[in-house]
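The values are calculated or read from the model by the stated rules, or taken from the named source; none is laboratory data. Just so you know, these numbers come straight off a predicted model, no measurement behind them. Cβ placement follows ideal geometry from the backbone for every residue including glycine, while neighbour counts extend to all protein chains displayed.
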Amino acid sequence: MLVSCNTFRHPGLLAHEAMTVDHVSNGRLELGLGAGWFVPEHEQFGIPLPPPGELVGRFHEAVQIVDGLLRHGQRHLRREVLPADERPRAPEPRPAAASACTLGAHKSRMLRICAEYADAWNSFGTLAEMRERNQILDEHCAAIGRDPSTIWRSFYGWASKMKEQGLADPWSSVGAFEDMVGRYGEAGVNEFIVDAPGPEHFAGPRSASPPTSFPGAARGR
């Protein structure tokens, strides 16, 4: 899973589930969290999907709770939505755990939350959209005094939608993949998550030699 839907779990429960994974993985947890948006998924599970304004408010509150529990053991805050007692329960965070946190966001209000709390930001969209969102995130970082380079910029792409950008299916050839990475890299992206190649491309990715370097090099965690 890239980012967990905030409407599916109470953030206190999610944080303690994450602590368990952090313990058993010896600190290799990367927790992703998004506000939620996919209507059919909510309908299938019978979970109400609040309007956008409330979604963002709940997300902001959830991020504060999760961040407080994972990084600091507890945090007391005025809760507008969630009547929760966020005192630590077993397992407690590992000392200096500081588990990496990826937040999904597209618009300015959500990007402001990313500027304050995210280790990595993930989004999807066109080249122009990703370039604009990167700029907005940089501006929010500047407003709160954070170095924007401390936030990893992650892009999720559907190979089937690349044609809309004038790009070839990135799995069709090494050149097509490098072209996609290069263009989105110029828009500020430094991590690429692309949906799986179709069966017709299985031979290509396996037989191609990986590039020695490219703008989306691994984070090195």
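Quick notes on this structure:
- Being small (Gly, Ala, Ser), part of a loop (DSSP other than H, G, I, E, B), over 26 Å from ARG153 (Cβ atoms) and modelled with pLDDT under 95 is a property that ALA97 lacks.
- Considering residues of segment 56-94 that are at pLDDT 55 or above and β-branched (Val, Ile, Thr) only, the residue farthest from ALA15 (Cα to Cα): VAL56
- Restricting PHE124, PHE192 to residues that are closer than 25 Å to SER25 by Cα and either charged (D, E, K, R) or under 15 Å from the mean Cα position of the chain (by Cα) (or both) narrows the list to PHE192.
- Out of GLU17, GLU43, one residue alone is out of contact with any strand residue (DSSP E or B) (no Cβ under 9 Å at 6 or more places or on another chain), without any contact (Cβ under 8 Å) to a residue 40 or more places away in the chain and either over 20 Å from ALA118 (Cβ atoms) or of a type in the set (Ser, Thr, Tyr) (or both). It is GLU43.
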